[in-house]
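Visitor: Below you will find the structure I want to go over with you.
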Amino acid sequence: MVRGRRWAVLCAAVVLTVAGCGQRAAEAKPRFADAAELPETLAEDGTTIVVGDPDAKMTVHLYEDPRCPYCEEFETTGGAPGLRDAMIERMARTEYTMASFLDDRLGGSGSKKAVNALRAALEEGKFVEYHEVLYANQPEESVDGFTDARLLELAGEVKGLRGPAFDAAVTSMKYRSFVTASQKMYERAGGADDPDGPGTPTAVINDKPIPAEYNGLLLDGDGFAELLDRIYNRPGEWED
């Protein structure tokens, strides 16, 4: 839990109600037109994708599903643009756990296909750019729109991503085992209280989850950026 009156005031000031399907967010300006100098690796657990300076003072762990409309809102007009700036400025690194539970809930295979394609993009050193492109072009939640053809078409927007190896990995579901393991990791993150997973998007900053009652911060760009700035400058207060 976040302790201290200053943290509670900050969070309460920007808290939003998140329920049901919201409107589609406006198109956001890409931050990662070229992220060649931003390190991205697969963690030792085999499921966590780590992007950013390994020596950054802040670590933000995100749990997302490619079909989740709130993840799209977070990534396009919510907190993610500020997080991307922090990554580029070497203030933070981001760890991604990509879930795919919405396929089972809504039908189809778009989440699984997208997670597989994102893992293929990591192999090419293009995860972060492709991740941004997918959320900027996310289909409606109820539409199973992340087909092989669409994923390859969107990959064409990332310079240097398309090629025989990437294309074959997408169409053959080469990283199916990664998709399954990543979903299981997401479920474990919920603990005993949430065996189906913590919900998406969820953010854990320096091993401290944002309290559920303040999850609206994720959809408030200015509020989330201010939170990151405070944690960066006053890490001890957040840890307490």
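Visitor: Inside the stretch 182-217, can you point out the residues that are open to solvent by 40 Å² or more (accessible area, probe 1.4 Å), part of a helix (DSSP H, G or I) and not hydroxyl-bearing (Ser, Thr, Tyr)?
Guide: Step one: list which residues in the stretch 182-217 are open to solvent by 40 Å² or more (accessible area, probe 1.4 Å), which gives 184-185, 187-189, 192-196, 198, 207-209, 212-215.
Now restrict to residues that are part of a helix (DSSP H, G or I): 184-185, 187-189, 212-215.
Hits for the stretch 182-217 are Lys184, Met185, Glu187, Arg188, Ala189, Ala212, Glu213, Asn215.
Visitor: Would it be correct to say that Leu134 is open to solvent by less than 10 Å² (accessible area, probe 1.4 Å) and either more than 25 Å from Gly190 (Cβ to Cβ) or in contact with a His (Cβ under 6 Å, 6 or more places away or on another chain) (or both)?
Guide: The answer is no for Leu134.
Visitor: Quick check on the stretch 53-78: of everything there that is of a type in the set (Val, Ile, Thr) and surrounded by 19 or more Cβ atoms within 10 Å (Cβ to Cβ), which residue is farthest from Arg119 (Cα to Cα)? Steps first, please.
Guide: Within the stretch 53-78, the subset of a type in the set (Val, Ile, Thr) is 59-60, 76-77.
Among the residues that remain, those that are also surrounded by 19 or more Cβ atoms within 10 Å (Cβ to Cβ) are: 60, 76.
Numbers: Val60: 19, Thr76: 21 Å.
Only one residue fits best here, namely Thr76.
Visitor: Considering the stretch 35-51 alone, what residues qualify as being under 18 Å from the mean Cα position of the chain (by Cα) and either modelled with pLDDT under 95 or of a type in the set (Val, Ile, Thr) (or both)?
Guide: Residues satisfying the conditions are Ala35, Leu38, Pro39, Thr41, Thr47, Thr48, Ile49, Val50, Val51.
Per-residue answers, yes or no, for (1) modelled with pLDDT of 95 or more; (2) among the β-branched types (Val, Ile, Thr); (3) under 29 Å from Met58 (Cβ atoms):
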{"site": "Thr147", "(1), (2), (3)": "yes, yes, no"}
{"site": "Ala155", "(1), (2), (3)": "yes, no, no"}
{"site": "Val170", "(1), (2), (3)": "yes, yes, no"}
{"site": "Lys174", "(1), (2), (3)": "yes, no, no"}
{"site": "Gln183", "(1), (2), (3)": "yes, no, yes"}
{"site": "Gly190", "(1), (2), (3)": "no, no, yes"}
{"site": "Asp193", "(1), (2), (3)": "no, no, yes"}
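Visitor: Name every residue in the stretch 164-219 that is touching a residue at least 24 places away in the same chain (Cβ under 8 Å) and among the small types (Gly, Ala, Ser), in order of residue number.
Guide: Ala165, Ala169, Ala181, Ser182, Ala189, Gly197, Gly199, Ala203, Gly216
Visitor: Considering only residues that are open to solvent by less than 30 Å² (accessible area, probe 1.4 Å), under 18 Å from Leu102 (Cα atoms) and either assigned to a helix (DSSP H, G or I) or in contact with a Phe, Trp or Tyr (Cβ under 6 Å, 6 or more places away or on another chain) (or both), which ones fall in the stretch 137-181?
Guide: Leu151, Phe178, Val179
The values are calculated or read from the model by the stated rules, or taken from the named source; none is laboratory data. Computed from a prediction, not measured in an experiment: that's the story for all the values here. Positions of Cβ are backbone-derived with ideal geometry, glycine not excepted, and every protein chain shown enters the neighbour counts. For accessibility, only protein heavy atoms count, side chains too; no ligands or nucleic acids. Shrake-Rupley method; radii C 1.70, N 1.55, O 1.52, S 1.80 Å.
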